[in-house]
Amino acid sequence: MSLIRQIWLLLLVTLLMAFLGSFAVWMLSSRGYLETQLRLKNADNAQSLALNLTQQRGDTMGMDLALSAMFDTGSYQRITLKDAAGRVLANRAADPSVTREQAPAWFVELVPVESVPGVAQVSDGWRAVGSVEVVSHSAFAHAQLWQGSMKTAGLLTLLGALACVVATFGVNGIRKPLNATVSQARALMERRFVTVVEPRVPELAQLSQAMNAVVLRMKSVFEEQAGQVELLRQQAHCDPLTGLSHRRHFMAQLGAALSSEEGSGDGVIYLIRISDLAGINRLLGHRQTDVLLQRLARVLTEESAGVPGAAMGRLNGGDFAVCLMSSHVPLPQAEHYADALKRAFTEQAVPAAVVVGGVRWKRGVTMQSVLAAADSALARAESRGAFSVELSALADAQAVVLGEDEWRRRLGNALQTGRAQLMRYPVVDRQLKLLHHECPMRLQLEADGPFETAAMWLPMALRTGLISQIDEAAVSLALAQIAQDQQPRGVNIAPNSLLDSGFVPRLRALLAAKPEAARLLWLEVAEAAAVERFELVRELCKQLRPLGARVGLEHAGDRLTRIESLFEAGLDYVKLDASVVQGVANDAARAAFVSGTVNMLHGLGLQVYGEGVNEPADILALRQCGIDGVTGPAVRVA
């Protein structure tokens, strides 16, 4: 029985006992009062009758008439006249067939009222004639007692109802902080750490204080670990001078972008080179040259700030690179970077210049081809002089250009006719046993055409507003396949789908309709969604996790420590991006960062997996870092 029910039961029992006790005390005292009144009345009437009979001087006929007159004019049960020897001389008794009761019979039997006879002596001068005994009828006492009990019961009932109303407010005042504490405890079980307002009730306030202290302690531990992980990330991924990615990490980011089936599947890479860095170093000195490089890094970061997933790195002394992936945000042109750097150098009165070379890339093109084309463009820019810009083009078939309406038609038809399929890529645990299949969606845009990856249609799905319907179809298809083979599957959820207010309720309805399959469903959102739309991700976890589905982050790593309330999200797992885990076997700094990240996430009760693992050696290294599972080309299911 819940505590609130116990409180209510205690209050009701207390009120009932008070009601019955008060009623019983009133009933006993009222009955005693009426019995006393009857006894006094009988005694007084007996004395009065005895005096009247005494005046008859022993006249039997006269005494009988006086006795009859008194009996007929009052409410008496019995009047008896006896001689000195105790023999009955006259007796008047009420007819039992004529009821005088004005109260229910059960009440009369349950609460008897005793009418004590009044006795007085009758004499003739100094000679004792006998005695008279008067017994009044108790019907009127029962009537008064019955009417009084009804009024008393009604009044007590009214007071009890008022007490219940007051108790309701009091119990609700206790219920609210209790519910808040219970919700806080459930949040802890779901790995969400939230604080509550301390109630006014001292005992509950102490409980809330203890729970809040635990949450704040967990938060401080997380912040401390996040700081350590951020330091490890900078050591493993960043150039110590500029804070940008160093060459190895930038190449890993570029490789992940070129091989990923998600996103737009195309973008641009810019190479920026400071002309004659050695001469600038001799002219300005080492310290001022370092300041110049840091200023250049800030300009690149500021110019790329509005592009989701932008990657920037320092390749060597004076060479920098920027990799941008096409999205709904227009990409900065190469001239923007050149002009911004020119303004910055002019403001600082620094005699430095840069050249920019760039190339547009598409998914599937080799990294060597992209870098070679970009380097060729950079060489041409150098030949033209300071702040020159050159672009190269990769040899590729011209893509068919379709209008937005045509894309909407093709995507809508593919969804309506069910021309969609889920691929299967295994995610295995530390023993190489299957955890679940990653299932990216592919659509057949034309009835007889191939099933295209998300890189082909995702940008237009975002532009046409169909992405939430596509994600909903992917979840529905995954649930249907799980119901058939009982194999767990993971489905990606686009961050833009969370902006649709009806998306999560529709997903909840899908999962509620198939509860068995829902327990084998893994849902993933990108790390960027938790950074930029944390409340939406938390609501997704809150709505779907109670149905058995697991919710996690994918492509995570570089921005995990920027999610200030990660411990409140209620996630189940995190998948570290390929750019974070690739090459961990040969890079101690990268391994230290992965190990620190895993320890931090394990402290929050989250499972950690690695994406895009290409080398068997990396699997062993990741296992030593404490990672719980991996996926990628090197994975083989045991």
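The values are calculated or read from the model by the stated rules, or taken from the named source; none is laboratory data. Everything numeric here is computed off the predicted structure, so don't read it as measured data. Glycine also receives a Cβ, built like all others from the backbone with ideal geometry; neighbour counts cover every protein chain displayed.
When 158, 231 are checked against the criterion of being surrounded by fewer than 17 Cβ atoms within 10 Å (Cβ to Cβ) and over 29 Å from residue 14 (Cα atoms), a single residue qualifies: 231. Of the residues 232, 254, which single one is part of a helix (DSSP H, G or I) and over 30 Å from residue 491 (Cα atoms)? Of the residues listed, the single one that is part of a helix (DSSP H, G or I) and over 30 Å from residue 491 (Cα atoms) is 232. Evaluated against (1) on the phi > 0 side of the Ramachandran plot; (2) buried (at least 21 other Cβ atoms within 10 Å of the Cβ); (3) at pLDDT 85 or above, residue 265 falls short on exactly one condition, (3). Yes or no: the range 535-557 includes at least one residue that is assigned to a strand (DSSP E or B), under 24 Å from residue 193 (Cα atoms), of a type in the set (D, E, K, R) and touching a helix residue (DSSP H, G or I) at 6+ places or on another chain (Cβ under 8 Å). Taking every residue of the range 535-557 in turn, at least one turns out to be assigned to a strand (DSSP E or B), under 24 Å from residue 193 (Cα atoms), of a type in the set (D, E, K, R) and touching a helix residue (DSSP H, G or I) at 6+ places or on another chain (Cβ under 8 Å).
Evaluation of residue 259 against the conditions (1) under 23 Å from residue 393 (Cβ atoms); (2) surrounded by 22 or more Cβ atoms within 10 Å (Cβ to Cβ) shows that the sole unmet condition is (2).
Checking the structure you have, find out if any residue of the range 330-352 is within 13 Å of residue 257 (Cβ to Cβ) and in contact with a Gly (Cβ under 6 Å, 6 or more places away or on another chain). Checked against the condition, which is being within 13 Å of residue 257 (Cβ to Cβ) and in contact with a Gly (Cβ under 6 Å, 6 or more places away or on another chain), the range 330-352 yields no hits at all. In the range 433-466, of all residues being within 34 Å of the chain's Cα centre (by Cα) and surrounded by fewer than 15 Cβ atoms within 10 Å (Cβ to Cβ), the one that is modelled with the highest pLDDT corresponds to 433. There is at least one residue in the range 622-638 that is free of Cβ contacts under 8 Å to residues at least 24 places away in the same chain, small (Gly, Ala, Ser) and part of a loop (DSSP other than H, G, I, E, B). For residue 90, the test of being surrounded by 15 or more Cβ atoms within 10 Å (Cβ to Cβ), among the small types (Gly, Ala, Ser) and more than 12 Å from residue 49 (Cβ to Cβ) is failed.
Tell me, which residue of the range 505-525 that is without any contact (Cβ under 8 Å) to a residue 40 or more places away in the chain and outside any helix (DSSP H, G or I) is surrounded by the fewest Cβ atoms within 10 Å (Cβ to Cβ)? Before the answer, list the steps.
Start the filter on the range 505-525 by keeping residues that are without any contact (Cβ under 8 Å) to a residue 40 or more places away in the chain, which leaves 505-519, 525.
Right, trim to outside any helix (DSSP H, G or I) and you get 514, 519, 525.
Details: 514: 17, 519: 14, 525: 24.
That would be 519.
Considering only residues that are closer than 30 Å to residue 455 by Cα and either free of Cβ contacts under 8 Å to residues at least 12 places away in the same chain or in a helix (DSSP H, G or I) (or both), which ones fall in the range 257-282? Of everything in the range 257-282, those that are closer than 30 Å to residue 455 by Cα and either free of Cβ contacts under 8 Å to residues at least 12 places away in the same chain or in a helix (DSSP H, G or I) (or both) turn out to be 257, 258, 259. Do we find a residue being more than 38 Å from the chain's Cα centre (by Cα), at pLDDT 90 or above, of a type in the set (A, V, I, L, M, F, W, C) and part of a strand (DSSP E or B) anywhere in the range 283-304? No. Residues that are more than 16 Å from residue 303 (Cα to Cα), of a type in the set (Gly, Ala, Ser) and out of contact with any helix residue (DSSP H, G or I) (no Cβ under 6 Å at 6 or more places or on another chain) are absent from the range 321-333 altogether.
Listed by first and then second residue, the pairs linking a residue in the range 154-177 that is part of a helix (DSSP H, G or I) to a residue that is among the basic types (Lys, Arg), with Cβ atoms under 9 Å apart and 6 or more places separating them unless they lie on different chains, are 173/200; 177/200.
Can you find, within the range 624-638, the residue that is nearest to residue 221 (Cα to Cα) among those that are surrounded by fewer than 17 Cβ atoms within 10 Å (Cβ to Cβ) and not β-branched (Val, Ile, Thr)? Looking at the filtered set, the residue picked out is 626. Being buried (at least 19 other Cβ atoms within 10 Å of the Cβ), of a type in the set (A, V, I, L, M) and not in a helix (DSSP H, G or I) is a description that applies to residue 571.
Answer yes or no as to whether residue 580 is touching a Leu at 6+ places or on another chain (Cβ under 8 Å), surrounded by 19 or more Cβ atoms within 10 Å (Cβ to Cβ) and of a type in the set (A, V, I, L, M).
On the way: touching a Leu at 6+ places or on another chain (Cβ under 8 Å): no; surrounded by 19 or more Cβ atoms within 10 Å (Cβ to Cβ): yes; of a type in the set (A, V, I, L, M): yes.
Criteria not met by residue 580.
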